[in-house]
Every structure is written in structure tokens, then in C-alpha cells.
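Here the structure is laid out as C-alpha cells; the discussion comes afterwards.
None of the figures in this text is laboratory data; all of them are computed from the coordinates on show. Keep in mind it's a predicted model, so treat the numbers as computed, not measured. FYI the Cβ positions are ideal-geometry reconstructions off the backbone, even for glycines, and counts take in every protein chain you see.
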Amino acid sequence: MRPNSVVIELTPKFEKAAKQALENTQLRRNMGKATQTIRAKRAAVVGELPDWQALREAGRAIKERTLRHLDHYLLQLEESVKRAGGHVHWARDASEANRIITNIVRVHQAREVIKIKSLTTDEIRLNKALKEAGITATETDLAELIIQLAGEHSSHILVPAIHKNRSEIRELFMRTLGVKELSDNPKDLAAAARAYLRHKFLTTPVAISGANFAIAESGTIGIVESEGNGRMCLTLPKVLISVMGIEKILPTWQDLEVFLQLLPRSSTGERMNPYTSFWTGVTRDDGPQEFHLVLLDNGRSQVLADEIGRQTLNCIRCSACLNICPVYERTGGHAYGSVYPGPIGAILTPQLVGVEHASSLPYASSLCGACYEVCPVKINIPEVLVHLRAKVVREKQDHGGLKGKLDPENLAMQAMSRMFSNRVAYEAAQRMGQKGQWPMVKDGYITSLPGLLGGWTAMRDLQALPQETFRDWWRKRKKQEEKASE
Amino acid sequence: MRVSLFITCFNDTLFPGTGRATVELLERLGHSVDFPLEQTCCGQMHFNTGYQREAIPLVRRFVEVFGDAEVVVAPSASCVGMVREFYPRLAELSGDQALIDAVAALTPKVYELTEFLVYKLGIEDVGAYYPHRVTYHPTCHSLRVLHVGDAPLRLLRKVRGIDLVTLPDAEQCCGFGGTFAVKNADTSMAMLGDKLRSVRETKAEVCVAADNSCLMHIGGALHRERAGVRTVHIVEILASTEG
């Protein structure tokens, strides 16, 4: 088992989980409405910037340059954080990171921690690890809190409760927060959560955050958010622990300029997000008096080693690819079986856990390319998907034993490659199709196909093969021309 | 111009009418058409499904068949996208420098039909007549791999007698995606369902696109629904004339 296999539970396969999700009409309605709204908002604010394409290119270039010299910048960051009075910890994988964090909380004899929304801590299943150590973690981001109270997993990287509508949230709050009377007005729902959280902010000694950015030159960590609850966590508790994937680093403050334009517009469809917080080590008598930075690898250096796959590490977790994806819009996030759903999840998850453990995810796309078009750091997601599909196939062919070799798809693809490599064989196959199709053809159409192709005729008819191919017609025409010129 | 027609295996076998219309149109515009009979398949299905090793011989074959062409034109955006955008990658994977060079020399000469007409030849009015209510579905690979832009629409707008209506949410994928339609049949159908609703909303008689693969997907469902809408490849409209 790979050290980072804690990321997900990838059973069942995507196509099975998707089928189940597609049945949920409430989910379809909620997802359709939410993604369409956010898509329109994004398009409007992106359209305002004449240099959007140049910004994307700058974002990509900065990320790729930084990743090329990641070792250098990480050491620089460590030094800067220490200089500013912080502590730095290196975690190879999820269990190492969880152990480090749990130990820090224990040293302070804390039984409770408050959390800022963080995908990285979801990735390492931190809340579960803390719970096992007798420590209660409370999510303070409204949507994360909803998910936590419901005992569910996130279905979107930015708006984890996107699959829930407000009447579902009202019922949840009445059940779990002990609120007697509550309307489904968003303002009232927010007020109920606020009353619950305010007490936590004021009494909990340790806060845990992720990081949107880390500036190597100064050792500064940054978070962007909408609600301000994150800022409460960053300022009120005595101890602050930030967990970040090693790819989140930027060399200088100047680099940040590009990303603070790209991120809010791509994620929430806003010109600027309401709260942007930065902190550098500790400041005497102001904010947390103890700061720990946990640098997490958990498979990232393996992703970095892959020439095509490494662009995945450019990701700034904006979720524009989720909102635009026609597959994600219909299946929702849970079908991806990972804390990273949608197109970015379909390329990140298999790379973090190994394609053999997530072999259905690279196929969870029609390769329509909409994700690549909106990605603010120009991750060519379709390119990486196809690259990962090739790894899945290679794994099946080279390490799948007899079962892999005799896989019907593999056999068909091998046979077709040989057939297409030989004109005579190709033309013979055409004739065989024309002649062999008759038992299935009715009134010029095929309405039911066997085996692998049955998925096609479940909803679509297939027109029968015409009895004359184009090349037959061409040959006939050439002959007639030759005859005419004789 | 001497145009080498790359028909694609799909059109050759399933949609010969698209090929005949392509020949007719190009000849009407004063070009000579050549059809190298040794051509088979570009390898797109193999490549997109992850069978890269199996696709490389098809790259080699394509380069041998079309290497000497003045210009190669195909009535399929996705197959041209395969050749132009992904052959360089496959050639690189083969490690064969001669193939890498041959692909680099050939790919700039390969065009999808509508971009060839509008961007290479600078023609928008091809003298077509098509008295039907038509809606245009921009296929994903024509839009986002080849970047043909509005070339197909510019051609359609000049067709006489046509009643061209805008397709709502036109740029949304129809859910075909090659083997995706079979591997993820349920999700594919959910996407297709929304596309069908958009098509029906237009009250069009004909849904047109630059890819027969997507049209087979959309058309197959329209037929199953007895929707009273048929799918037609754009070249078949462009080749139609009065009388």
C-alpha cells in the first residue's frame, strides 16, 4: 500500500458511482443551478480583464519556474519562517503530518482545535487522526461546517456543500445545532452558524490552517477567503499550525500579484475576495504566539518527476475546472471518490495514489477541453488525462498478467491497430461489417448491440453501415473517368 | 490547389455521403481532389483511450500516405485535431527522429474543411442553397483543439435559403467523447439529454456540425426519440445547390 493511500476510498469505480449520482434528481438540480451561476459570474469578471491570457501565461510560467527549483525555494522558506520565529516541520506523507500536528496539540494539552477550510488537511484526513487522539476539530468555514455536521465528504473544492440546497441546510442546523426556530433564509442560516462558531473562536487555544500561498523570501503564509472566519482563527488562538503542500510556494511577493488577480476571478467569480490574510512567523503580543508550518509531500515529489503530469502541481485550487466540467456538473463531486473531485481531481488523485489505485478516474472525461480553457495556470488537463490513460493501459498490458492481456478492450484495440495498419485488412473489415450486420439491422438502424458496445444502443440508435464505402465510390468514379477518357 | 482528401475511417465506412459532398464542393470551387487509397485511420481512438503504442504505427502510416501532399483536408475536426495537435507527441514517444521530422513537416499542411475554406482559401460564400431550418453545434474538438472559431458559422450564414437558428448552450459538450460514450455511458447520456433539449428548443429541422462522430451520437438519440430532427455534416449543406 502506498503511504498516501489515505487520500481516498476509490470503490466503486467512477462509472458506477456516477450512475448512482445521476439518479439523484435533487443533486442534479442543485449542481446544475450552482455551477451555471458561478460559471456566468466567472465569465463576466474574466471578461473585464484585457490581459487575462497574459496573466494566465504569467501564472503558468511562475509556477513552472518555481517547481523547477522547488528544493531551493523550500529551503529558503524554511529559513525565512525560522528567522521570523516560526517552527518548520517536514512531512513525507499523511501519517507523518498527522503525527506532527497531533503532538503539537498535545503539548498544549488542548482537547479542541478550530480549523480554517483546508483541502490539504482533508487530503491527510487530519480530523480523523485528531479524533483518534481524543482531540475535537471544528470546521469554521460555513460550508465545511455543514459537511462536518452532516457527517459527509466535500463534493467541491471551494464550495464543499454545493450539493445541498438551503432547505436541506435548514433541516441539518435544526437537527444538529439545537436551533428551535429557523427559516431557510441564507442570512438566518449564516446567523445560526455564527452564534455557534463565535464561542469556539473565543475559547479554543489552537487553530489549524492550510495555505494558499507561501512566500519563500519572507516566510509569509497567505490565505484567501470569503467569510472572515479564517481570520478569526488566525488571530484569536494562541497557537497556529499551517499545513501546506510543497507546491504552494512562490519565490517573491511580486509573484503574488499575478495570483491574486487569477484566483478570486477564477474561483468565486469576484474581482477580489473579501478577506486576504498574511502572516509571517510570530509577532509579540499580537496574534498567535506560537507558529508551526508543516510542509507536506504525500506523493507530490513523484508527480513532479513526471514530465507531463507535473503541470498538475501548478494548481491553485480555484475550482474553475469543476464548475465548467459537463461531467462534474452532472455527477457531482462524490463520484470521484476523492477530496479532489472534477477534472483536477481526475488527474491529481491518480498521480498521488498511483494509477493502479484510481484507474477509472482518467476516463471520467469526454476530453471536451473546457477545463483547459478556463484554467488560470494553463494546466492542460486533457493532455494529462490521456497521458494517465496510457499509464493505465500500460499497467494492464505489462503488469496485469493474463487477465490484463486478455481484457476484451485490449484485444480489440490490438486487433484494430493491426487491421488499420494494412489496407487490405481494413477493406476486408469494412466488407465484413457491411455483410455481418444484417441480423441486427432493422429498417436501416441498429437498436441493440452486444457486449461493450451495448452502452451505445442503451439510448441511441445506430444507423446501419451503408453498402458502399467512400473508397468504393471513389474507385468506381475513377474507373468511369478512365473509361470516358479512353 | 491539389487537395489530398483525408476522409477518415469513420466517414469512409459510415458516412460516405460526407466524402462525396467534400469532393463535389472542392471540385466546384476549382480544386482538384486526390484520394490516396492507402489511408486508413489516424489512430485517435487508440491515442485517446490510452493505447499509445498501438497508435504509433498509424502515425507512421499517415505520414507515408500524405507526406508528399500539397495540402491535406478532412471533413472531421477531431481527426484533424489528432493529427495536428497530438501527432508531434506520439512521434516524440516513438523516439524516431525521422518520424519526428516528417510529422513536423506534414502537420502544418493538414486542415479541417471549414478552416481550410475560410482561413486558407478566404472563401465564405461557396454558392450553396439549403432551404431548411438549421442549428449549428460547435463540436469540442473544432472549438477547443483546432480553434476553428466561427468559420463554420460564417460559411453557413452565406448559404442561400437557410434559416439558421442559434443553439442554446451551444459550446457544451454533447457527451460523445469517443470511448467515453461506452465506458461512461450513463454520464454520456445525461450530457446528451441536455444537448437534445437544446436542439429541440430551436425547432430546427437539421442539426449541423463539423464532426460526424458527435452527430452520430446526437442523431442516434434524436432517431430513437423520433424527434423529427436529423443530423447533417456541414459539408453536405455547403455542397447543396439550387436545382
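Annotations for the structure displayed:
- Sequence-separation-based contact order of the range A:14-301, relative, with Cα cut under 8 Å and 6+ spacing, percent: 27
- Remark on the range B:33-153: ratio of C-alpha radius of gyration to 2.2 N^0.38 Å is 1.14.
- Annotation: aspartates and glutamates with alpha-carbon distance below 18 angstrom to A:LYS391 (same-chain offsets under eight excluded): A:ASP306, A:GLU307, A:GLU356, A:GLU383, A:ASP407, A:GLU409, B:GLU54, B:GLU92.
- Formal net charge of residues neighbouring A:GLY219 (Cβ-Cβ distance under 9 Å; K, R +1; D, E -1): -1
- Computed on chain B, with alpha-carbon pairs under 8 angstrom and 6+ residues apart, the relative contact order is 20 percent.
- Ordering B:HIS141, A:HIS334 by the number of other Cβ atoms within 10 Å of each residue's own Cβ, fewest first, gives A:HIS334, B:HIS141.
- Once the convex hull of all Cα atoms in the protein assembly as shown is built, its volume per residue stands at 169 Å³.
- Hits among aspartates and glutamates - C-alpha to C-alpha of A:LYS479 under 20 Å, sequence gap 8 or more where chains match: A:GLU427, A:GLU468, B:ASP12, B:GLU24, B:GLU27, B:ASP34, B:GLU38
- For the range A:21-120, the Rg and Dmax computed from alpha carbons only, in angstrom: 21.2, 55
- For the range A:14-301, the percent of C-alpha pairs falling in each 10 Å distance bin, counted from 0 to the bin holding the largest distance, reads 6, 25, 34, 26, 9, 0.
- The alpha carbon centroids of the range B:17-80 and the range A:174-249 are separated by 57 Å.
- Counted charge near A:PRO205, where neighbours are those whose Cβ lies closer than 15 Å (Asp, Glu -1; Lys, Arg +1): +3
- Within 10 Å of the Cβ of each residue in A:322-330, the mean number of Cβ atoms contributed by other protein chains is 4.
- Of all DSSP beta bridges in chain A, antiparallel share, percent nearest 5: 35
- Highest mean first, the peptides A:375-384, B:147-156, A:81-90 sorted by other C-beta atoms within 10 Å per residue fall in the order A:375-384, B:147-156, A:81-90.
- The DSSP beta bridges internal to the range A:14-301 are antiparallel in roughly 30% of cases.
- Within straight-line reach of A:LYS19, meaning a Cα separation under 18 Å, sit the following lysines at least 8 residues removed in sequence or on another chain: B:LYS183.
- Put a plus charge on the Cβ of each Lys and Arg, a minus charge on the Cβ of each Asp and Glu, and nothing anywhere else: the dipole of the range A:408-485 about its Cα centre is then about 380 debye.
- Cα centroid separation - the range A:10-81 against the range B:164-223, whole Å: 26
- Residue order, fewest to most surrounding Cβ atoms within 10 angstrom, among B:TYR51, B:TYR129: B:TYR129, B:TYR51
- Between A:ASN165 and B:GLU225, the simple label model (points 7 Å from Cα in the Cβ direction) yields a spacing of 2.3 nm.
- Helical contribution to [θ] at 222 nm, DSSP H n ≥ 4, -39,500 (n - 2.57), averaged over chain A, rounded to 500: -16000 deg cm²/dmol
- Extents of the range A:365-429, largest first, come to 47, 32, 15 Å (Cα atoms, principal axes, whole angstrom).
- Selection from A:GLY455, A:GLN437, A:TRP473, by position along the positive dipole direction of the range A:408-485 (Cβ): A:TRP473
- The range A:201-342: antiparallel DSSP beta bridges as a percent of all, rounded to 5: 45
- Chain A - Cys residues lacking any other Cys C-beta under 4.7 Å: A:CYS233, A:CYS315, A:CYS318, A:CYS325, A:CYS375
- Each Lys or Arg adds one and each Asp or Glu takes one away; over the other residues whose Cβ falls under 10 Å from the Cβ of A:HIS387, this sums to 0.
- Average beta carbon contacts from partner chains per residue of A:15-22, 10 Å cutoff: 4
- Entries in A:LYS13/A:LYS378; A:LYS41/A:LYS200; A:LYS131/A:LYS200; A:LYS13/A:LYS396; A:LYS117/A:LYS180 that, when Cα-Cα distance is taken, lie over 24 Å: A:LYS13/A:LYS378; A:LYS41/A:LYS200; A:LYS117/A:LYS180
- For the peptides B:1-11, B:226-236, residues were scored by their other Cβ atoms within 10 Å and the scores averaged per peptide; the highest-first order is B:1-11, B:226-236.
- Peptide A:389-396 shows a mean partner chain C-beta count of 4 within 10 Å per residue C-beta.
- Around the Cα centre of the protein assembly as shown, unit charges on the Cβ atoms of Lys, Arg, Asp and Glu (plus for the first two, minus for the last two) sum to a dipole of about 1280 debye.
- Full extension of the segment from A:GLN53 to A:LYS478, taken as 0.36 nm per residue of separation minus the current Cα-Cα distance, would add 148.0 nm.
- Taking A:LEU411, A:LEU126 and counting other C-beta atoms within 10 Å, the order from fewest to most: A:LEU411, A:LEU126
- For chain A: relative contact order, % (alpha-carbon pairs under 8 angstrom, 6 or more apart): 20
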